[in-house]
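The values are calculated or read from the model by the stated rules, or taken from the named source; none is laboratory data. These numbers come from a predicted model, not from an experiment. Neighbour counts are summed over all protein chains in view; Cβ atoms, including those assigned to glycine, are modelled from backbone coordinates with ideal geometry. Heavy atoms of the whole protein, side chains included, go into the accessibility calculation; ligands, DNA and RNA do not. Shrake-Rupley method; radii C 1.70, N 1.55, O 1.52, S 1.80 Å.
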Amino acid sequence: MRWWDIEAVLGLEHELFPEDAWTAGLFWSELARTRGPSATHRYVVAEAEDGRLAGYGGLATTAGTGDIQTIGVLPAYRGTGLAGRLMDELLAAAVRFGCHEVLLEVRVDNAPAKRLYERYGFRAIGVRRGYYQPGNVDALVMRRALDDGGTPESSSSTSLSTPPAQGTHTHG
């Protein structure tokens, strides 16, 4: 994701997460941490063949732990593998940053997202009560361990490979 993607990302953000959409300032702040020798974040977007934004995702890291900040995919692209491609890129970034684990929060009422995360080896480790505001919706905290080689722990049978989504490509 680059600065010129922010306007389109904000449009998707408001469509996908109307009650708790991020602000432009928050995206600018996150992007400030994606470049240079001290970069700790990675944000990507996926464009459809017509150039319009179809999805986006972001990862923040600190002290060997990655935190998936956001993943959003337009309804027309759900079930195409696009969310998986975004997840692949974010997990690969976590490996490049030297992370040994990746965390995320997901709304307890978002069953499709929870299924995606479980397919990628994330397991529930806790609940944050009233995390999503203003709706006062709980967040399920999930964790996925990475071994020293940056791959899933050997006890996980989850594969990182997913078929590419037709008509989309991602860029950072």
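Structure notes:
- From 78, 33, 52, residue being open to solvent by 20 Å² or more (accessible area, probe 1.4 Å) and touching a His at 6+ places or on another chain (Cβ under 7 Å): 33
- The set of residues in region 107-138 that are in contact with a Lys or Arg (Cβ under 7 Å, 6 or more places away or on another chain), part of a strand (DSSP E or B) and either farther than 17 Å from residue 72 by Cβ or modelled with pLDDT of 95 or more (or both) comprises 123, 125, 138.
- Among the residues of region 1-21, the ones that are of a type in the set (Asp, Glu) and either in a helix (DSSP H, G or I) or closer than 14 Å to residue 47 by Cα (or both) come to 4 in all.
- Restricting region 5-30 to residues that are open to solvent by 100 Å² or more (accessible area, probe 1.4 Å) and over 11 Å from residue 53 (Cβ atoms), the residue that is modelled with the lowest pLDDT is 19.
- Pairs are defined by a Cβ separation below 6 Å, a sequence spacing of at least 6 or placement on different chains, a first member in region 136-155 that is more than 26 Å from residue 107 (Cβ to Cβ), and a second member that is at pLDDT below 50 and open to solvent by 80 Å² or more (accessible area, probe 1.4 Å); the pairs so defined are 147/153.
- Some residue of region 96-103 being surrounded by 15 or more Cβ atoms within 10 Å (Cβ to Cβ), among the aliphatic types (A, V, I, L, M) and farther than 23 Å from residue 133 by Cβ: yes
- Selection count where residues are assigned to a helix (DSSP H, G or I) and over 14 Å from the mean Cα position of the chain (by Cα), scope region 32-86: 3
- Selected residue (criterion: most open to solvent (accessible area, probe 1.4 Å)) from residues of region 36-45 that are of a type outside the set (Lys, Arg) and touching a residue at least 40 places away in the same chain (Cβ under 8 Å): 40
- For region 97-112, the tally of residues that are among the small types (Gly, Ala, Ser) and on the phi < 0 side of the Ramachandran plot stands at 1.
- Test: residue 123 is basic (Lys, Arg), under 16 Å from the mean Cα position of the chain (by Cα) and under 23 Å from residue 1 (Cβ atoms): no
- Region 113-124 residues that are on the phi > 0 side of the Ramachandran plot, paired with ones that are surrounded by 20 or more Cβ atoms within 10 Å (Cβ to Cβ) and not in a helix (DSSP H, G or I) (beta carbon under 9 Å, 6 or more apart): 121/144
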